[in-house]
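Notes follow the structure.
Rule-based calculations on the coordinates, nothing more; no lab input. Only a predicted model underlies this, so the values are computations on that prediction, with no experimental measurement involved. As a convention, Cβ positions derive from the backbone with ideal geometry for all residues, glycine included, and neighbour counts pool all protein chains shown.
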Amino acid sequence: MNDTLTQLLNRSSMPRLAEPAPDTEQLNRILRAGLLAPDHAYLRPTRLTVVAGAARERLGELFVQAAEASGTPLAEDKRQKMRQNPLRAPTIIVAACCPQVHDKVPEIEQIASTAAAVSLMQTAIDAMGYGSMWRTGDMAYHPLVKEAFGLTENDHLLAFLYVGTPLGNAKNRDAFAWQDCVKPFAE
């Protein structure tokens, strides 16, 4: 079995990530790999933003601001947790889809292209010896967060892709009954 297939069959999200993160050259290769995802009519709906360093703290403050925008104050422990969430990894790649109007490429295909970009980036990250965790959650759908990333209400924030050096071991995924997800087409 070739290395790529072995890597794909053993891929696992890594919830605990630390320094070091990919350097600039590695990160550029990861981003480029993602942007080579299938893209019907080459509409380029995927938008990527890298959040690193002190920008992660600003993102945490944005999460608190967004959560409190509903008018319900947060308990201090909840505020602190939201501030800390972006600090779970040294780098976060935010992936969004900005669908383009096209008569032959529906929005769902463009969203799928962005999701494929995230998956390809995870594969590239793994290949370089780093780990990642794809997260969404309420903040991915909040208008203030979307606006902070230059998105409109018609755009979709699909992933906060946390990236860094894995702490701990990957989950054993052998127990996954993949066959339960595969069905033949009825004749």
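Normalising the average separation of contacting C-alpha pairs (under 8 angstrom, six or more residues apart) by the number of residues puts the relative contact order of the stretch 94-157 at 44 percent. Considering only Cα atoms, the convex hull volume of the chain works out to 178 Å³ per residue. Cβ-to-Cβ counts within 10 Å put Tyr141, Tyr162, Tyr130, Tyr42 in ascending order as Tyr42, Tyr141, Tyr130, Tyr162, the fewest first.
For the stretch 14-167, the relative contact order comes to 39 percent (Cα pairs under 8 Å, sequence separation of at least 6).
The stretch 12-52 and the stretch 163-187 have Cα centres lying 22 Å from one another.
Each of the peptides 147-160, 71-84, 90-103 was scored by the mean count of other Cβ atoms within 10 Å over its residues; in descending order, highest first, they stand as 90-103, 147-160, 71-84.
The count of lysine pairs in the chain with alpha-carbon distances below 27 Å, taking only pairs 8 or more places apart or on different chains, stands at 5. Seen from every direction in turn and averaged, the convex hull around the alpha carbons of the stretch 48-157 projects onto 7.8 nm². The calculated 222 nm mean residue ellipticity attributable to helices in the chain amounts to -11000 deg cm²/dmol, summing -39500 (n - 2.57) over DSSP H runs of n ≥ 4 and dividing by all residues.
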